[in-house]
Amino acid sequence: MITLLLLHPLKRNPVQSWSFENEPVVRIGRSTDNHVILYSAVVSRHHVELRQAGTSWEIVNLGTNGTYLDGKRITKVPVVDGSIIRLARSGPNIQIRLGMEALKDLPENLTSEALAGQRIDHHATVTDITDANQPNWDQSVPRDLGGEGDDPPTGMIPVPPHLRIPNDATGAPDSSAGQSSSISDINQRSLYSASSITSGTQLENPARPPFLPHRVTALETPRVSSQALDMVGAYRVLHILGQGDVGITYLAERDGQQFVLKTLNANWINHPNSKPALEVEAELLDQLESPFIPRFVEFFVMDNRPYLVMEKIEGCLLSQKVKQEGVCSLTQAIAKMLKVCDILSYLHQFVPPVLHRNIEASNIICRDPSDDLVLISFGAIKSLILDRQSAVGSHGCIAPEQLSVSATPQIDLYGLAPMFAYLLTGKNPVTFCKRQGNHHYQFVADAVTGFSDRILTIMRRLTHVDDSYHYASVEAVSDDLRALMMT
């Protein structure tokens, strides 16, 4: 007897089960001829097989995007009771249980589906991981991303049904009619594209200079006393790290370790989409595996308020480092830019790309003692779900289409130019901007004086109003920066 348990991506509890008593081979994949059918763009048509070998079992990877055990990509390994495999780096997690005892441990709502010795066709079943609106790869993904008969070239983080926004959801408090994007429009696209909302958020306040993270002024949402939240579950709240109009970030402690604890401000708690707004951000961070992005710890809800717990990165903000140590030399600035490009290259490889949407020096931490750069503040998804219309971030650092649901990786590349100028000059990027209309500032590369035309050309291409001038990818930006360093 072998039992497979599909695990919830955050809570890690089983949400669906399959048991087989007489099958020597159990196949998992996207095609309907598998024993276990999972519809996710990262899952290959025939992704993995569990093969009986005498009295034991072995896991054999077949998928283009790989199968992972304990974070390591595998080819063929023996099965250990209780092992958890992940299909692709961003795909579903499946726990493997051996023997009849596994059925006794299952919740009652799952045991009815654990029919021994039978192939169960789950292709019409909606779970917490499979995407009900995406019946298969060919219908859900444009042909230029894979084409008929091909597996998707890279990972995709799908939107689980339990995190989708209801079509009748209301807008944010004080939202007005005539919004540019409806809730249903957002549902048709990946919601996993993010920017800064909470940690170190800079509100759109012209009277306040950017690059002053973790500062709260009287013009912002009233500061919440950390004493009122002395304990949140097992976490002891120490103090506020940053606060914006939507979210608030605390430094918290548990078992002698410090963590970053994010939640929503009180005026958003009763919004119908408040819990999904933060849960989708948690889902995103849980799927990302990079030493240059904060590690996801857990997500939970207490007293109707959602909380996201993340790794605390030791170090200081890049903006603080420049203020303390002075401007960078060209070589130093390019080295830092290349590190940020490497992080964006990782995010943009997903299908669809994961967008940060607020690349600036106040959202990057220089880790102690390695001085590696870590990109923080993934949260624009909350702005989309809660229908906020105002931009997030510092003037001059964000692209005009920051909160568009149809935005492309260009919005992240845009932010590289103001950051490059800041590293080289130490000046607020708004210094190099021209105001467009009532709210947006357009970065103007030619306003950055005293530097070669080759440097300005890179900045122009990153921020040009004409799309035809833009870089095709972040890798192309890296190539030009390396070439600039060689001169």
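The values are calculated or read from the model by the stated rules, or taken from the named source; none is laboratory data. These numbers come from a predicted model, not from an experiment. Cβ coordinates were reconstructed from backbone atoms using ideal geometry, including for glycine residues, and neighbour counts include every protein chain displayed. For the accessible areas, the whole protein counts, side chains as well, though only heavy atoms, and no ligand, DNA or RNA atoms are used. Shrake-Rupley method; radii C 1.70, N 1.55, O 1.52, S 1.80 Å.
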> So which residues in region 266-321 are assigned to a strand (DSSP E or B), open to solvent by 10 Å² or more (accessible area, probe 1.4 Å) and β-branched (Val, Ile, Thr)?
Replying inline: VAL297, VAL301
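Let's see how each residue does on (1) in contact (Cβ under 8 Å) with a residue 24 or more places away in the chain; (2) part of a loop (DSSP other than H, G, I, E, B); (3) in contact with a strand residue (DSSP E or B) (Cβ under 9 Å, 6 or more places away or on another chain); (4) at positive phi:
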residue	(1), (2), (3), (4)
ALA421	yes, no, yes, no
LEU424	yes, no, no, no
TYR471	yes, yes, no, no
ASP480	no, no, no, no
> Going by the structure shown, is ARG30 over 20 Å from LEU98 (Cα atoms), under 30 Å from the mean Cα position of the chain (by Cα) and open to solvent by 20 Å² or more (accessible area, probe 1.4 Å)?
Replying inline: no
> In region 323-346, is there at least one residue being closer than 18 Å to CYS366 by Cβ and part of a strand (DSSP E or B)?
Replying inline: no
> Across region 33-53, which residue is surrounded by the fewest Cβ atoms within 10 Å (Cβ to Cβ) among those that are modelled with pLDDT of 90 or more and in contact with a Leu (Cβ under 9 Å, 6 or more places away or on another chain)?
Replying inline: HIS46
> Which residues, taken from region 438-452, are part of a loop (DSSP other than H, G, I, E, B) and open to solvent by 60 Å² or more (accessible area, probe 1.4 Å)?
Replying inline: ASN438, HIS439, THR449, GLY450, PHE451
>> Given the condition crowded, with 19+ Cβ neighbours inside 10 Å, closer than 29 Å to ASN267 by Cα and at pLDDT 70 or above, answer yes or no: does some residue in region 421-431 qualify?
In response: no
> Is it fair to say SER44 is in contact (Cβ under 8 Å) with a residue 40 or more places away in the chain and touching a helix residue (DSSP H, G or I) at 6+ places or on another chain (Cβ under 7 Å)?
Replying inline: no
>> I'm trying to understand the selection: among the residues of region 459-487, which are surrounded by 12 or more Cβ atoms within 10 Å (Cβ to Cβ), within 27 Å of the chain's Cα centre (by Cα) and of a type in the set (A, V, I, L, M)?
In response: MET459, LEU462, VAL474, ALA476, VAL477, LEU481
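One line per residue, one yes/no per condition, for (1) under 29 Å from LEU462 (Cα atoms); (2) in contact with a strand residue (DSSP E or B) (Cβ under 8 Å, 6 or more places away or on another chain):
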position: ASN273; (1), (2): no, no
position: GLU289; (1), (2): yes, no
position: LYS321; (1), (2): yes, yes
position: SER329; (1), (2): yes, no
> Out of (1) open to solvent by less than 10 Å² (accessible area, probe 1.4 Å); (2) hydrophobic (A, V, I, L, M, F, W, C); (3) at pLDDT below 85, what's the single condition that is false for LEU10?
Replying inline: (1)
> Pick from ILE455, ILE411: which is over 28 Å from the mean Cα position of the chain (by Cα), buried (at least 19 other Cβ atoms within 10 Å of the Cβ) and not charged (D, E, K, R)?
Replying inline: ILE455
> Which residue pairs have Cβ atoms closer than 9 Å, lie 6 or more positions apart in sequence or on different chains, and pair a first residue in region 322-346 that is of a type in the set (Ser, Thr, Tyr) with a second residue that is part of a helix (DSSP H, G or I)?
Replying inline: SER329/LEU424; THR331/MET485; SER345/VAL474; SER345/GLU475; SER345/SER478
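Can you tell me which residue within region 229-265, out of those that are part of a loop (DSSP other than H, G, I, E, B) and open to solvent by less than 20 Å² (accessible area, probe 1.4 Å), is modelled with the lowest pLDDT?
GLY244
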> For region 50-102, how many residues meet the condition of being in contact with a Phe, Trp or Tyr (Cβ under 7 Å, 6 or more places away or on another chain), in a loop (DSSP other than H, G, I, E, B) and over 16 Å from LEU288 (Cα atoms)?
Replying inline: 1
>> On the basis of being part of a loop (DSSP other than H, G, I, E, B), modelled with pLDDT of 85 or more and open to solvent by less than 60 Å² (accessible area, probe 1.4 Å), does SER17 make the cut?
In response: no
